[in-house]
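In what follows, a structure is listed as structure tokens, so that the remarks can point back to it.
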Amino acid sequence: MYSGAAAAAGPPRRDFISVTLGPEEAVGVGGYNNSKAWRRRSCWRKWKQLSRLQRSVILFLFAFLAVCGVISYTSMGEAWKSITNKSLDEQRTEQEIPGLKLANPAVLPAPQKADANHGDYPELSLQKPPKPPHVRRGPSNLQIKAPRRDMRLKIRHDTIRAVEELVEADKVEKTEKSIISWRGAVIEPDQSTEPPSSKIKEPEKPSSVEAEDQKEPVPINERQLAVIEAFRHAWKGYKDFAWGHDELKPLSKSYSEWFGLGLTLIDALDTMWILGLKEEFEEARKWVANDLVFDKNVDVNLFESTIRILGGLLSTYHLSGDSLFLEKAKDIGNRLMPAFKTPSKIPYSDVNIGRGTAHPPRWTSDSTVAEVTSIQLEFRELSRLTGDEKFQKAVDEVMKHVHTLSGKNDGLVPMFINTNSGQFTHLGVYTLGARADSYYEYLLKQWIQGGKKENELLEDYTKAIEGVKKHLLQRSEPKKLTFVGELAHGHFSAKMDHLVCFLPGTLALGAHNGLAADHMKLAEALIETCYQMYAQVETGLSPEIVHFNLHAQKGHKDVEIKPADRHNLLRPETVESLFYMYRFTGDKKYQDWGWEILQNFNRYTRVPTGGYTSINNVQNPSNPEPRDKMESFFLGETLKYMFLLFSDDIDLINLDKYVFNTEAHPLPIWVPA
């Protein structure tokens, strides 16, 4: 059909092609007419003209492009869903707080479902812990890519962090900062915390951890799995019989109210996060979002509501990055402020959080020294997060006032202080037990929290420890256990509360932060004593109070227990100190001692239908006389410290980055920018 002819001789030479259309083609019958059918036949002829190799290459390219398209569509769909599915709660938060920044990714990873148990408990199904995600490590200036999207979406359901992760993923190749995956969380290594200034500022983001310190997570071991099982058993009883109420009564399958604010639930929030109990945490979060209301006509104790509720909410905010908990913390913090409206600025013990009024107990105008000096960590942190200095100013005034008071004995303080005069009362009685204990604890911890700059706090703490050595230390017979007694008007009493067992851990924490080495030696001696308060008792559980024998008597142990003191409330202080001692020394005996205590809790206080109960008689293994009450601190403190004690991961609440309040809620240490 095609023909060609050469041009005539002579320059320039021109080539051309002539095309002749036949009749059918000209009229569009049977030839090219631009119809779809003609084009299909024409394409098919061209396809058949290709070699088999050419056709194979083309088919492979089309298949490859199709696979890439499916993968891209799935990835973009997840990213778009993460951005567009912003919760109504977060939108409302942004409307109410125009200047609020998005929270940083969680300091700890979102809890992973922990279906695990230990062989001693048949209802558990033991599983191997999931293989941790690969973590790249390197110097601080090394460029490290953010974790894969599927990992990041799995570690946090929170849409605020989902948006931030997308932003960080876009910037990761441009920024000069290292971004490292630590247990699934995206960390900005240069993020730091600061003390509050006098200026109002936007709420602080949750603290983050320096990249160069990150290590691969340590797998959960069998003892930790046993703690998880114990927590779930306790939580089952609370959920079934006391949901949303303050405390479980496991034997009667009911509950008791103190403030009517869900104390057990709030106290346990950060424990669930640390233990990796994702489902339980989410369920509790929904209750906080929908049912936790502080606008009610109820009197609450300033100290207890601060350490349990305010401390628990602040800690959970830092661990999860969820702004819901910060908003609730601000609400309760503001409602507690009327307590400080006293002539002396020493706060009243009780506050009506609905009416905005405060008052001392009905029988006295005194407050206990421990209560007014053990709310500082929480209110100071609330100021740092909100930029509102009123919270820190109120509690700092209390500490400065107590610092100047007379009536101390070589740093030891009396148990009571008057809210009108601001002076110590009931002079001459000194103890590290009830009503005074956490005063000493918070002296050290405030100093650590503030970056070791507030010298008055350190001065008061070190002086008090010297006072303890001088006036309160004695050794028992026959094992010569070192213990802390009490002093009443110059007379020594060999009485020691279980509450005093916070002291070994506090001493060890001080030594870790550069204080005298003999503080650690004293800590080692005292933790041995606290362990013996369990080991020398028939059930292996400590009573609330013991008396030590100062003189050797045939057939007598070091520890004597009076009938009124032989109850056990599931307290955490010994386990708390075991945690500090193991973390700082690595001595496995402290883990073994804690394991014995957990087994005895399971043996004598565990209720089959769910929960654990306090007992009245630690000396009677056959009938420990259950009291039908599970204190909120059993979930908030005892089991949390157990889990941390059994862990070999020093970054699981790193003690160089966090300080625990007296209810075991970790708060960040302020690091200067």
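What number of residues within the stretch 559-579 are in contact with a Pro (Cβ under 7 Å, 6 or more places away or on another chain) and either under 21 Å from PRO478 (Cα atoms) or aromatic (Phe, Trp, Tyr) (or both)?
Final tally of qualifying residues: 1.
So if I check each of THR638, THR613, THR574, which one is in contact with a Cys (Cβ under 6 Å, 6 or more places away or on another chain) and open to solvent by less than 50 Å² (accessible area, probe 1.4 Å)?
Working: THR638 fails: in contact with a Cys (Cβ under 6 Å, 6 or more places away or on another chain); THR613 fails: in contact with a Cys (Cβ under 6 Å, 6 or more places away or on another chain).
THR574 is the lone residue from the list that is in contact with a Cys (Cβ under 6 Å, 6 or more places away or on another chain) and open to solvent by less than 50 Å² (accessible area, probe 1.4 Å).
Would you pick out the residues in the stretch 372-396 that are farther than 19 Å from VAL659 by Cβ and in contact with a Phe, Trp or Tyr (Cβ under 8 Å, 6 or more places away or on another chain)?
VAL372, ALA394
Could you tell me which residue of the stretch 543-563 is farthest from TYR604 (Cα to Cα), considering only residues that are of a type in the set (A, V, I, L, M, F, W, C) and crowded, with 20+ Cβ neighbours inside 10 Å?
PHE548
Mind listing whichever residues of the stretch 641-654 are open to solvent by less than 10 Å² (accessible area, probe 1.4 Å), part of a loop (DSSP other than H, G, I, E, B) and either touching an Asp or Glu at 6+ places or on another chain (Cβ under 7 Å) or not polar (S, T, N, Q) (or both)? Give the derivation first.
Applying the first criterion (open to solvent by less than 10 Å² (accessible area, probe 1.4 Å)) to the stretch 641-654 yields 641-647, 651, 653.
Adding the requirement that they be part of a loop (DSSP other than H, G, I, E, B) leaves 646-647, 651, 653.
The answer is PHE646, ASP651, ILE653.
GLY555 versus (1) assigned to a loop (DSSP other than H, G, I, E, B); (2) under 25 Å from LYS470 (Cβ atoms): which is the lone unmet condition?
Tallying (1) assigned to a loop (DSSP other than H, G, I, E, B); (2) under 25 Å from LYS470 (Cβ atoms), GLY555 fails exactly one: (2).
(1) farther than 26 Å from ILE220 by Cβ; (2) open to solvent by 10 Å² or more (accessible area, probe 1.4 Å): which one isn't true of ARG285, the others all being true?
(1)
Taking the conditions exactly as written (among the aliphatic types (A, V, I, L, M), open to solvent by 10 Å² or more (accessible area, probe 1.4 Å), over 23 Å from GLY407 (Cα atoms) and not in a helix (DSSP H, G or I)), does LEU499 satisfy them or not?
no
Any residue that is over 29 Å from ALA268 (Cβ atoms) and modelled with pLDDT under 95 - is there at least one of those in the stretch 562-572?
No, there is no match, as no residue in the stretch 562-572 is over 29 Å from ALA268 (Cβ atoms) and modelled with pLDDT under 95.
Exactly one condition in (1) farther than 18 Å from LYS640 by Cβ; (2) modelled with pLDDT of 95 or more; (3) surrounded by fewer than 21 Cβ atoms within 10 Å (Cβ to Cβ); (4) not basic (Lys, Arg) is not met by TRP595; state its number.
(1)
Name every residue in the stretch 531-552 that is part of a loop (DSSP other than H, G, I, E, B) and either modelled with pLDDT under 95 or aliphatic (A, V, I, L, M) (or both), in order of residue number.
Residues satisfying the conditions are VAL537, LEU541, LEU550, HIS551, ALA552.
Restricting attention to the stretch 367-381, does a residue exist that is in contact with a helix residue (DSSP H, G or I) (Cβ under 8 Å, 6 or more places away or on another chain), open to solvent by 30 Å² or more (accessible area, probe 1.4 Å) and modelled with pLDDT of 95 or more?
yes
In this structure, is ARG566 basic (Lys, Arg), buried (at least 20 other Cβ atoms within 10 Å of the Cβ) and within 25 Å of HIS519 (Cα to Cα)? Walk me through it before giving the result.
Values: basic (Lys, Arg): yes; buried (at least 20 other Cβ atoms within 10 Å of the Cβ): yes; within 25 Å of HIS519 (Cα to Cα): no.
No; evaluated as a whole, the condition is false for this residue.
Check GLU631, GLU637, GLU663 and return the single one that is over 19 Å from the mean Cα position of the chain (by Cα) and of a type in the set (D, E, K, R).
GLU631
Name the single residue that is nearest to GLU631 (Cα to Cα) among those in the stretch 251-282 being among the β-branched types (Val, Ile, Thr) and open to solvent by less than 10 Å² (accessible area, probe 1.4 Å).
By that ranking, first place goes to THR264.
I need the full set of residues from the stretch 388-422 which are in contact (Cβ under 8 Å) with a residue 24 or more places away in the chain, among the polar types (S, T, N, Q) and either open to solvent by less than 10 Å² (accessible area, probe 1.4 Å) or in contact with a strand residue (DSSP E or B) (Cβ under 9 Å, 6 or more places away or on another chain) (or both), in order please.
Hits for the stretch 388-422 are ASN409, ASN418, THR419.
Here is a list: LYS463, LYS452, LYS479. Which entry is open to solvent by 10 Å² or more (accessible area, probe 1.4 Å), part of a loop (DSSP other than H, G, I, E, B), of a type in the set (D, E, K, R) and in contact with an Asp or Glu (Cβ under 9 Å, 6 or more places away or on another chain)?
LYS479
Return the only residue of PRO563, PRO572, PRO543, PRO608 being without any contact (Cβ under 8 Å) to a residue 24 or more places away in the chain and either within 27 Å of ALA242 (Cα to Cα) or in contact with a helix residue (DSSP H, G or I) (Cβ under 7 Å, 6 or more places away or on another chain) (or both).
Checking each option against the conditions leaves just PRO608.
Exactly one of (1) over 26 Å from the mean Cα position of the chain (by Cα); (2) closer than 22 Å to LYS657 by Cβ is unmet by ASP460. Its number?
(2)
The values are calculated or read from the model by the stated rules, or taken from the named source; none is laboratory data. Since this is a predicted model, take the numbers as computed values, not measurements. Neighbour counts are summed over all protein chains in view; Cβ atoms, including those assigned to glycine, are modelled from backbone coordinates with ideal geometry. Remember, those area values only see protein heavy atoms, side chains included, never the ligands or the DNA or RNA. Shrake-Rupley method; radii C 1.70, N 1.55, O 1.52, S 1.80 Å.
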